[in-house]
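The values are calculated or read from the model by the stated rules, or taken from the named source; none is laboratory data. Keep in mind the model is a prediction, meaning the values are calculated, not measured. So basically every Cβ, Gly included, is an ideal-geometry build from the backbone, and we count neighbours across all protein chains shown. Accessible surface is based on the protein model in full, side chains and every heavy atom, while ligands, DNA and RNA are left aside. Shrake-Rupley method; radii C 1.70, N 1.55, O 1.52, S 1.80 Å.
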Amino acid sequence: EALSGFVAAVLDNDAAEASGLFETIRERYPMALTRDLETARGWLRAQARGNERFGFMASSGAKRLRPEGLNVSVKIDAVNWFLNGPEDVRSAYYLEEVATEFDVQGLEVDWAGICWDADLRYVSGAWDMLAFKGTKWQNVNQEVRKTYLINAYRVILTRARQGLVIYIPKGNLADPTRPPAFYDETAEFLASCGIPILDDK
């Protein structure tokens, strides 16, 4: 219940409420924030015990995670991802294939790596919602599509039973579809919600 409240506060742009709620769950439900993908992988592997399952998730609109090696346009085999063991490259354990809100709706893992793209970005004190079409990001203007995008993040942020790490890319000045400015404010806002920042490599 507290986790759902925390996620709602984050997505409602209420850092003070989110920070207060996070303090009530941080001992029982670890969270972390990183700008480095390998750091996220290391955190997930370090948290899991025994056969606890962990995996990467992202919204289906996270199209510019592809340069990071995370391609949401490639459909996972949900059975392999959720059920196969750590030796199978198709399983969640391998941290290569990323599941979207469509794959994880109604299902859970023990630990999740949330890969956050510029489709939902924090700009000048508010959330901006965008869709990547062709070669560029376009504003999402229809209220129903905005609601859908927010709900996509709500789903992936509530699929982990025991804890999660959020990975936000650093961006690339040489790539106009993912400059650092598309990601930096989002990371700053999430940190202001109380999520501890990991030391990146």
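Using the charge dipole of the chain (Lys, Arg: +1 at Cβ; Asp, Glu: -1 at Cβ; taken about the Cα centre), state which of LEU44, PHE56, LEU21 has its Cα farthest towards the positive end.
Farthest along the dipole direction, towards plus: PHE56.
How many nm separate the modelled label positions at THR24 and TYR148, each set 7 Å beyond the Cα in the direction of the Cβ?
In this crude spin-label approximation the distance works out to 3.3 nm.
Less than 14 Å Cβ to Cβ from GLY194, Lys/Arg counted +1 and Asp/Glu -1: what total charge do the surrounding residues give?
-4
What is the percent carbon and sulfur in the accessible area of the range 60-113, measuring with a 1.4 Å probe over the protein chains and ignoring ligands?
Whole-percent figure for carbon plus sulfur exposure: 51.
Of VAL123, THR100, THR186, whose Cα points farthest to the positive end of the dipole of the range 85-201 (charges on the beta-carbon: +1 Lys, Arg; -1 Asp, Glu; origin at the Cα centre)?
Checked the options; the winner is VAL123.
Can you tell me the length gained on complete extension of the stretch LYS133 to GLU185, counting 0.36 nm per residue apart and subtracting the Cα distance?
So the chain would gain 16.5 nm between LYS133 and GLU185.
Work out the P(r) tail for the range 153-193: percent of alpha carbon pairs separated by more than 11 Å, whole number.
So the pairs more than 11 Å apart make up 70 percent of the total in the range 153-193.
Would you work out if the range 110-201 is rounded, prolate or oblate? Take a ≥ b ≥ c from the square roots of the eigenvalues of the alpha-carbon gyration tensor; rounded if a/c is under 1.5, else prolate when a/b is larger than b/c, oblate otherwise.
Oblate is the answer for the range 110-201, as a/c is 1.5 or above yet b/c matches or exceeds a/b.
Normalise the Cα radius of gyration of the range 1-109 by 2.2 N^0.38 Å (N = residues in it) and let me know the number.
Working: Rg = 15.0 Å, N = 109, 2.2 N^0.38 = 13.1 Å.
The range 1-109 yields a ratio of 1.15.
Leaving out ligands and nucleic acids, and using a 1.4 Å probe, what accessible area per residue does the range 59-177 come to in Å²?
Working: 5540 Å² over 119 residues.
For the range 59-177, the solvent-accessible area averages 47 Å² per residue.
Between the range 1-73 and the range 133-201, what's the alpha-carbon centroid distance in Å?
Rounded to whole Å, the Cα centres lie 10 Å apart.
Please get the size of the charge dipole for the chain, origin at its Cα centre, with Cβ charges of +1 on Lys and Arg and -1 on Asp and Glu, quoted in debye to the nearest 20.
For this selection, approximately 440 debye.
Please identify which residues in the range 18-38 have an amide N closer than 15 Å to a label point set 7 Å out from the Cα of GLU52, following the Cα→Cβ vector.
Only 26-32 fall inside the zone, counting backbone N under 15 Å.
What part of the accessible area of the range 121-175, given as a whole %, is carbon or sulfur when the probe is 1.4 angstrom?
Numbers: 1430 of 2840 Å².
Within the range 121-175, the accessible surface is 50 percent carbon and sulfur.
Please identify the trypsin sites (Lys or Arg not before Pro) of the range 1-97 that satisfy two criteria: DSSP loop assignment and at most 16 other Cβ atoms within 10 Å. Which are they?
Here the trypsin sites (Lys or Arg not before Pro) that fit, given the DSSP loop and packing criteria, are ARG26, ARG28, ARG49, LYS75, ARG90.
Could you tell me which GluC sites (Glu not before Pro) in the range 81-176 are loop residues by DSSP with no more than 16 other beta carbons within 10 angstrom of their beta carbon? Show your work: numbers first, answer last.
Values: sites: GLU87, GLU96, GLU97, GLU101, GLU108, GLU143; in loops: GLU87, GLU96, GLU97, GLU108.
Passing both the DSSP loop test and the Cβ count: GLU87, GLU96, GLU108.
Based on the alpha-carbon gyration tensor of the chain, what equivalent-ellipsoid semi-axes (square roots of 5 times the eigenvalues) come out, in whole Å, largest first? Before the final figure, lay out the partial values.
Values: eigenvalues 110, 85, 53 Å².
That gives 23, 21, 16 Å for the three semi-axes.
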